[in-house]
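Have a look at the structure below, then the notes.
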Amino acid sequence: TRLHVLGVGAAVNRHFLEGLAREGRGACTIVAPKDNPRLVRDRFARKVIDGGPVLGDITLSWEGASPVSLHPSPLPELYGNEPLHIVGRYSGSGPSKLVITATTPTGTPFRQEIDVVRPEPAPPSADQPRLARIWARREVTKLIGWGGRQAEALALALEHSLATPLTSLIAEDTEIS
């Protein structure tokens, strides 16, 4: 059984709906006010009724690198015309190979190898904070969900200035009007 989720409107809780779909091994689509509802509905129906996932049991492995943290985990199934967003950290640098293995709906094994040159580790910079924050947000969610790791989650949230169930952000106006 799969749970497919269709959210409609401007105030949809995207995080909640995507989480439901992820836990239910289904697809999630959001209809924004600017979207044509019929087109989005038809695309959603084709995806979940006609198409279904094109790859399942997806695993990633690095040859020549050591992944430190990968999100989401476990990896969801891949639907046609949909991206699979994966965020992770690794240790080491230099050439390596990312190996993707999966199974098609007919049970046929799938394998793809991608040559990757990992850059030398660099300290976080003001130019590239977004990617680090995306990873940190997912890591904090995982740490909080596991329980007992609140101290690690709190430290990571503070390091990346994230609002979480353990932290809040306060804006301070230093100008007197």
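Observations, loosely collected:
- Scope the range 44-62; condition in a strand (DSSP E or B), aliphatic (A, V, I, L, M) and open to solvent by 40 Å² or more (accessible area, probe 1.4 Å); matching residues: Val54, Leu60
- Pairing residues of the range 1-26 that are β-branched (Val, Ile, Thr) with residues that are open to solvent by less than 80 Å² (accessible area, probe 1.4 Å) and part of a strand (DSSP E or B), at Cβ distances under 7 Å and at least 6 apart in sequence or on separate chains, gives Val5/Cys28; Val8/Val31; Val12/Ile30.
- Test for Gly19: is it part of a helix (DSSP H, G or I) and either within 15 Å of Glu82 (Cα to Cα) or open to solvent by less than 90 Å² (accessible area, probe 1.4 Å) (or both): yes
- Looking across the range 63-88, the residues that are open to solvent by 80 Å² or more (accessible area, probe 1.4 Å), free of Cβ contacts under 8 Å to residues at least 40 places away in the same chain and under 15 Å from the mean Cα position of the chain (by Cα) come down to Pro74, Pro83, His85.
- Identity of the residue in the range 142-167, closer than 23 Å to Ile86 by Cβ, assigned to a helix (DSSP H, G or I) and touching a residue at least 12 places away in the same chain (Cβ under 8 Å), that ends up nearest to the chain's Cα centre (by Cα): Lys142
- Qualifying residue in the range 29-43 (condition: closer than 16 Å to Arg138 by Cα and open to solvent by less than 40 Å² (accessible area, probe 1.4 Å)): no
The values are calculated or read from the model by the stated rules, or taken from the named source; none is laboratory data. This structure is a prediction, so every number in the text was calculated from the model and none was measured. Quick reminder, even Gly has a Cβ in these numbers, built from the backbone with ideal geometry, and neighbours come from all protein chains shown. The area values use the complete protein model at the heavy-atom level, side chains included, leaving out ligands, DNA and RNA. Shrake-Rupley method; radii C 1.70, N 1.55, O 1.52, S 1.80 Å.
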